[in-house]
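The values are calculated or read from the model by the stated rules, or taken from the named source; none is laboratory data. All figures in this text were calculated on a predicted structure; none of them were measured in a lab. A quick note on method: Cβ atoms are made from the backbone with ideal geometry, for glycine too, and the neighbour counts reach across all protein chains shown.
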Amino acid sequence: MKQIHLAAFMIAGNCAHSHALWRHPLGRIDFLEPEIYRTIGETLERGKFDLLFFADRLAISSSFGQSSDVGLRYGDQDATRMDPIPVLSLISAHTKSIGLGATRSTTYCQPYHIARTFATLDHLSRGRAAWNVVTSVNDSEAANFGLTSHLGHDERYDKAEEFLDVCFRLWDSWSAEALVLDKDTGHYADPTAIHAIDHSGDWFRVKGPLNIPRSPQGRPVIIQAGSSGRGRAFAARWAEVVFTVQPDRARLKSFYVDMKSRVKAAGRDPSQCLILPAVMPLSGTTEAEAIDKQRLHNELVHPLVGLSTLSSHANYDFAKHSLDEPLGEISTTGIQGLVESVLRISESQNLTLREIGKIYGQSVLTPQLVGTAKQVTDQMEAMVRDGCCDGFAISPAYLPGSFVEFVDHVVPELQGRGLFRQEFAGTTLREHLHLN
């Protein structure tokens, strides 16, 4: 059986998929301080994780009730998000091997800026940079950039296609041999090995070249999380890691088969696009202890905080509906895959909107793996054996303890079964992930 890959999902703020994260009695609340990120980075590197990556968004959400009050009062997913790039720079200084991924939007950034940022991170981390590409989803973000509304769903991806093409050309504008650095002759670089890109397209005009020599990996590893049809087509062309949230194994397997077939149809090797679904492990020394941990965690979530985040993800105001009635059909412009999953679960279980908010706030539909370290490992192994994924993005229930428990107890189980590495085989993230 193939070895799996492990990523860690993070937000540089008060919560992640878990909206109980900052309230948890075992969790730290110093998410504005550098020490917790240093501790997390060192812990995950000790566990031989391939990478950690930070999700990001560019606004405090005001979708629920057309106000930010609920999200700020209860601490939703957008209440606080520090810029992940400086956080990763800090982690880079205290680690040597683990990959470092940051989210940046193609909707509100410029290609030259993004190419320069990730080339810098790749140099300073000696080849460990990854870019989680997002197209941005809600009107709260648009309002922070002088716009009254957001680009349409497919139009965002059209812009992103050109954006990545420009970035790739900028990263390639310096050849590997361009930097000479001959002190005796005073020859700094070979101008013939550095080229302008002279791009003129529908969205961008960029002359180039980049003002940074080629980085250790050449370009960052590309992460993407598109779940709609258009999003999956984009990922099939560009993504080397696909992050996904699927609420059950059947949907995960369907997603895995579909994405791999799309990658092959795009003319790429499916092994060069890894599917890593989010899971939230809650382990204990006994199964009963783990169940108690899950109960404690889930009871800390207020239904409205889940609905505030769901409104942000969907770019839709769920406050328009009664909390104590089932949710009917709705049309949204946000993250279509997550909204579709919410509607399916709501219909199949006849849930009220209040119940939906509670479930969404507990994990944003991320499956919770509950049991002893052996039982958690059993569940992970079964998903890989069943052809559902190439590994996992571990999402914490509280910090830093969730990662410490996973590294101390689940990782040794995975290693003992030959499912996970004992040591890093290389120095760059591409080497960890076996990417070209």
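Here is the figure for the stretch 335-384: residues that are surrounded by fewer than 19 Cβ atoms within 10 Å (Cβ to Cβ) and in a strand (DSSP E or B) total 1. Here the stretch 356-378 is the region considered, the condition is being among the polar types (S, T, N, Q) and within 20 Å of the chain's Cα centre (by Cα), and the residue that is nearest to Tyr74 (Cα to Cα) is Gln362.
Table: residues versus (1) more than 30 Å from Leu323 (Cβ to Cβ); (2) not aromatic (Phe, Trp, Tyr).
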| residue | (1), (2) |
| --- | --- |
| Pro25 | no, yes |
| Phe31 | no, no |
| Phe53 | yes, no |
| Asp56 | no, yes |
| Gly65 | no, yes |
| Leu72 | no, yes |
| Gly75 | no, yes |
| Ile85 | yes, yes |
| Leu88 | yes, yes |
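Restricting the stretch 136-153 to residues that are out of contact with any Gly (no Cβ under 8 Å at 6 or more places or on another chain), assigned to a loop (DSSP other than H, G, I, E, B) and in contact (Cβ under 8 Å) with a residue 24 or more places away in the chain leaves a set whose member that is surrounded by the most Cβ atoms within 10 Å (Cβ to Cβ) is Ser136.
Checking the stated criteria, Ser308 turns out not to satisfy the condition of being buried (at least 20 other Cβ atoms within 10 Å of the Cβ), of a type in the set (S, T, N, Q) and in contact with a strand residue (DSSP E or B) (Cβ under 7 Å, 6 or more places away or on another chain). Selection of first residues in the stretch 377-388 that are under 16 Å from Met280 (Cα atoms) and among the hydroxyl-bearing types (Ser, Thr, Tyr) and of second residues that are buried (at least 17 other Cβ atoms within 10 Å of the Cβ) and modelled with pLDDT of 95 or more, restricted to Cβ pairs under 8 Å at least 6 apart or on distinct chains, gives the following pairs, ordered by first then second residue: Thr377/Val410; Thr377/Glu413; Thr377/Leu414; Thr377/Leu419.
The helices (runs of 4 or more DSSP H) found entirely in the stretch 232-322 that carry 1 or more residues being of a type outside the set (Asp, Glu) and free of Cβ contacts under 8 Å to residues at least 40 places away in the same chain are 249-265, 287-299. One residue stands out among those in the stretch 396-435 that are among the charged types (D, E, K, R), in contact (Cβ under 8 Å) with a residue 60 or more places away in the chain and touching a Lys or Arg at 6+ places or on another chain (Cβ under 8 Å): the one that is nearest to Val376 (Cα to Cα), which is Arg421. Set side by side, the residues Ile222, Ile212 differ, and just one is over 28 Å from Gly267 (Cα atoms) and crowded, with 18+ Cβ neighbours inside 10 Å, which is Ile212. When the stretch 401-421 is filtered for residues that are part of a helix (DSSP H, G or I), charged (D, E, K, R) and surrounded by 17 or more Cβ atoms within 10 Å (Cβ to Cβ), the ones remaining, listed by number, are Glu405, Glu413.
Residue-by-condition table, conditions (1) over 23 Å from Gly229 (Cα atoms); (2) modelled with pLDDT under 95:
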site	(1), (2)
Ala129	yes, no
Val133	no, no
Asn138	no, yes
Ala142	yes, yes
Arg156	no, yes
Lys159	no, no
Val166	yes, no
Arg169	yes, no
Trp174	yes, no
